[in-house]
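Just so it is clear, none of the values below were taken in a lab; they were calculated from the coordinates. Everything quoted here is computed from the prediction, not taken from an experiment. Glycine also receives a Cβ, built like all others from the backbone with ideal geometry; neighbour counts cover every protein chain displayed.
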Amino acid sequence: MEQAEKKKSGMTKGILWIVLLMVAVIQIFPLVWLVDFSLASSNELFTSGLLIIPKTIQWGNYVKAFVDGHFLLYLKNSILINGLAVILVVIISIMAAFACYRMRWKLSGFVKMLLLMGLMIPIHATLLPNYKIYSMLGLTDTIWALLLPYVAFSLPQALFLMTSFMESIPVELEEAAVMDGCGIYRIIFQIITPMLKSSIATVAIMTFLNNWNEFMMASTYLNSPKWKTLPFSVLEFTGQYSSNYAVQFAVMALTAAPAVLVYILLNKHITKGVAMGAVKG
Amino acid sequence: MKRKMVSVMLATAMLVTMLAGCGSGDGGAAGSAGGSTAGDAAGNGDTSGSTDGNGVSDGEQITLKLFSNLPDRKNGQGLVEQTIIDEYMVENPNVTIEVEALDEEAYKTKFKAYSMYGMPDVVSIWGQPAFLDEVVAANVLAELNAEDYTDYKFVEGSLDGFTYDGKLYGLPRNTDIAVFYYNQKMFDDNGWTIPETYDDLLALADEINAVGITPVAMDGGDGWPLAVYLSDLLYQIVGNDYADIVSDAFADSDFSAPEITEAVELLKQAADAKLFQNGYDSQDYGTAMNLFTNGQAAMFYMGSWETSMATNEDIPEDIRENIRVFTMPAVEGGKAASTDIAAWNGGGYAVSANSEVQGEAVKFLNYMYQPDKLSKYGWENGVGLSAQDQGDYLTGSETELQKQIIDILNASTSLSGTPINDCGPSTFKATIESAIQNVSNGTTTVDDFLSIIGTSCQ
């Protein structure tokens with residue numbers, strides 16, 4: 001009996017493994033494909049096969065991506081803007097979540113609703129009005145032109161995740177802290193924040209990935225190369241009618257690399273964060 | 001408690017303003033450092049802040065902003081544009097030209113934003129109603145003095161698309177002709193002949209398919225090449241009534257005129273006769289072109305700007321040296337002569353009406369259109385025909401393909417003008433370019449298609 005059960009569980013495990021492997025292959029294949037195509041010449045791209053074996057490996061595509069695509073400047077901008085956006089979103093969402101859920105004041109419900117309503121606003125609808133506001137304030141072509149909308153559009157989702165997670169932290173903890181003479185900021189930053197670690201990771205990675213590839217706002221609010229982000233690098237190889245696809249693949253592979261890296265680093269926390277937030281919410 | 005809150009809020013406000021101050025200070029420093037690395041291709045990007053709002057007087061440092069639809073500055077038309085900009089800055093050391101370049105969709109979105117505020121001094125435009133109607137109505141473009149350009153040898157009629165109520169708002173950059181590129185060697189080897197009539201073309205499709213080659217590589221995924229093909233057919237059917245029939249259709253939002261119906265049916269016949277490759281309705285520009293340049297297709301329907309294929313080293317030699325062209329063959333009962341061709345002047349440049357340095361902007365515009373600039377460099381780089389007389393720049397060392405195209409244009413008795421998809425409002429353009437695949441492959445009926453595009457411009 002026991003042995004049969006073991007056998008059965010072994011079999012389910014096997015099936016599970018196969019299914020998971022297949023899912024993994026499907027997930028990873030686009031990346032492999034991207035790297036593969038980035039090493040071929042433009043003419044070799046149009047094959048009927050899934051992957052191509054380049055006649056000579058075209059490292060030149062990467063050189064072009066770095067030099068003509070201004071990769072390093074754009075990478076610096078992307079990292080700076082996304083890094084700041086992530087930090088701001090995390091800090092603001094923790095504070096806002098605490099204020100709306102743990103502090104009792106007249107308008108807390110209303111403010112919470114107001115912030116969450118941001119989830120419903122499509123980015124494209126705000127493009128032109130925001131452009132006008134930014135240009136009147138002289139913010140276009142500055143780092144703020146990207147930082148403000150990136151933080152603003154990531155905030156509702158972040159707040160949503162933070163609050164559902166925060167509700168799982170027992171109020172007694174805070175009561176104890178107050179008894180020991182803790183001020184409100186110490187409660188937030190020394191008591192609550194350390195316990196929110198996995199949801200912070202979730203919020204960080206979501207904000208980062210959403211904004212990393214963002215192009216529409218960046219192309220509208222920026223004019224000079226000063227603050228342009230990585231998606232502009234692809235554009236440098238877009239011709240009037242047809243484009244240099246091979247180099248664009250190289251740029252995209254380079255652009256994807258940091259995002260993949262961030263995901264791998266935070267991966268452990270993100271699944272935990274999403275799952276726990278979901279159940280306790 | 002309340003007082004504490006207020007003080008916290010005040011402190012936060014102070015902190016934010018301080019951060020903002022530091023941030024912009026940092027921004028300036030980082031920007032100038034970045035500018036030196038990025039500056040080589042796109043002009044210098046680090047002076048934008050300092051010149052804003054400065055009144056400009058003679059001899060003073062002037063910054064011109066150029067908004068271009070050519071993001072690739074190292075090849076083709078973008079290289080031509082950048083070469084002229086660099087020359088201008090060398091000749092006029094007090095002028096700095098900053099280039100901002102986006103590709104078509106992003107360009108048009110940002111153009112809308114700029115229409116509200118801060119239009120750059122010189123901009124790329126399209127001399128077609130789909131784009132220019134709204135722009136001229138918004139009064140964002142400066143009127144140019146048409147008499148200044150009498151010596152610029154613009155091809156007759158090429159300024160029409162840029163003229164509203166007798167006022168000139170822009171200058172055309174190219175003359176585009178819709179042609180069939182074909183592989184001469186492949187034709188000779190198989191004994192195929194250039195079709196004289198549309199029926200010949202469809203019959204030829206069977207012959208070519210019989211040997212396992214795609215007759216015509218078509219970029220159907222994008223929609224606009226099919227719309228150009230449709231316009232080409234319509235022009236063959238109605239000849240010089242083309243413009244009237246199209247504008248009548250737009251006036252009534254009714255495209256059911258028998259001539260238009262016939263043109264759509266001819267397009268459908270082409271697809272039915274397997275003239276285009278399998279899956280043409282979803283394949284894009286690069287894929288279609290590659291079918292032809294790899295020798296998998298015998299013909300390629302595209303604009304004259306692709307004459308540079310003849311000098312493109314990426315294309316195998318025995319193919320690139322055998323590329324020749326012919327224009328759309330006559331349609332039975334059609335009014336157009338064989339020398340009437342589908343050609344139009346699309347892209348061009350204009351000057352912003354609100355530019356603070358309008359004088360300098362116009363000066364630069366005129367510099368670009370000096371006969372030995374855009375026309376000559378464009379010709380030398382094989383990016384197609386300019387809208388000006390290029391006769392002076394023929395060196396005799398042109399490729400056969402280039403000579404053939406120039407002959408076609410010189411021999412032409414009349415030109416069609418703007419393709420139908422660019423004749424109406426922008427919603428019409430979007431609709432026809434996404435609906436035309438379905439009518440060609442039979443998913444929608446011809447009548448449904450005509451009523452769909454009719455409603456889109458109401």
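Run the numbers on chain B and let me know its relative contact order in percent, using alpha-carbon pairs under 8 Å that are six or more apart.
In percent, rounded to a whole number, it is 24.
For the range B:213-307, take N as its residue count and report Rg(C-alpha) divided by 2.2 N^0.38 Å.
That ratio works out to 1.17.
If you put +1 on each Lys and Arg Cβ and -1 on each Asp and Glu Cβ, how big is the dipole of chain B around its Cα centre, in Debye rounded to 20?
Charge dipole of chain B: 1920 debye, to the nearest 20.
Please report, largest first and rounded to whole Å, the three semi-axes of the ellipsoid equivalent to chain B, where each semi-axis is the square root of five times an eigenvalue of the C-alpha gyration tensor.
44, 27, 23
Give the order of A:Leu161, A:Leu261 when sorted by the count of other beta carbons within 10 angstrom, beginning with the fewest.
Ranked by crowding around the Cβ, least crowded first: A:Leu261, A:Leu161.
From the residues A:Val247, A:Ile187, A:Asn213, which one has its Cα farthest along the dipole of the range A:68-280 in the positive direction, the dipole being from +1 and -1 charges on Cβ of Lys/Arg and Asp/Glu about the Cα centre?
With unit charges placed on the Cβ atoms, the residue in question is A:Ile187.
Whole number please: convex hull volume per residue, Cα atoms of the range B:146-248, in Å³.
Spread over its residues, the Cα hull of the range B:146-248 gives 162 Å³ apiece.
For a quick check of your reading of the filter: which chymotrypsin sites (Phe, Trp or Tyr not before Pro) in the range A:209-264 sit in a DSSP loop and have no more than 16 other Cβ atoms within 10 Å?
A:Phe215
Compute a Gaussian network model of chain A, connecting alpha carbons closer than 10 Å, and tell me which residue from A:Ile26, A:Ile184, A:Ile87 fluctuates the most.
A:Ile26
Out of all DSSP beta bridges with both ends in the protein assembly as shown, state the antiparallel percent to the nearest 5.
In the protein assembly as shown, DSSP labels about 60 percent of beta bridges as antiparallel.
Please report Rg over Rh for the protein assembly as shown, where both radii come from the alpha carbon positions and Rh follows the Kirkwood definition.
My calculation puts Rg/Rh at 1.03.
If you place +1 on the Cβ of every Lys and Arg and -1 on the Cβ of every Asp and Glu, how big does the dipole about the Cα centre of the range A:68-280 come out, in debye to the nearest 20?
That gives the range A:68-280 a dipole magnitude of about 200 debye.
Which parts of the range B:256-290 would a label at B:Val211 reach, counting a residue when its backbone N lies under 19 Å from a point 7 Å out along Cα-to-Cβ?
Counting backbone N atoms under 19 Å from the label point, the list is B:274-278.
Can you put A:Arg186, B:Arg324, B:Arg73 in order, fewest other beta carbons within 10 Å first?
A:Arg186, B:Arg324, B:Arg73
May I ask you to work out the translational diffusion coefficient for the range A:86-184 at 37 °C, viscosity 0.692 mPa s, via Stokes-Einstein with Rh from the Kirkwood sum over Cα pairs, reported in whole µm²/s?
213 µm²/s
Of all the stretches in chain B, which is the longest one without any exposed loop site, taking GluC sites (Glu not before Pro) in a DSSP loop (any state but H, G, I, E, B) with at most 11 other Cβ atoms within 10 Å?
B:157-312
Before anything else, pin down the relative contact order of the range A:68-280: Cα pairs under 8 Å, at least 6 apart, normalised by residue count, whole percent.
34 percent
With charges set only on the Cβ (+1 for Lys and Arg, -1 for Asp and Glu), what does the dipole of the protein assembly as shown come to about its Cα centre, in debye to the nearest 20?
5580 debye
Grab the alpha carbons of the range A:68-280, take their convex hull, and tell me the volume per residue in Å³.
Hull volume normalised by residue count: 150 Å³.
Taking a quarter of the surface of the Cα convex hull of the range A:65-104, what do you get in nm²?
2.8 nm²
Which value in Å is the Kirkwood Rh of the range B:312-458 over different Cα pairs?
For the range B:312-458, inverting the mean 1/r across all distinct Cα pairs yields 19.3 Å.
Measure out, as a whole number of angstrom, how far apart the alpha-carbon centroids of the range A:50-86 and the range B:390-428 sit.
Taking the Cα centre of each part, the range A:50-86 and the range B:390-428 sit 38 Å apart.
Any idea what diffusion coefficient the range A:22-92 gets from Stokes-Einstein, in µm²/s, Kirkwood Rh on alpha carbon pairs, 10 °C, 1.306 mPa s?
106 µm²/s
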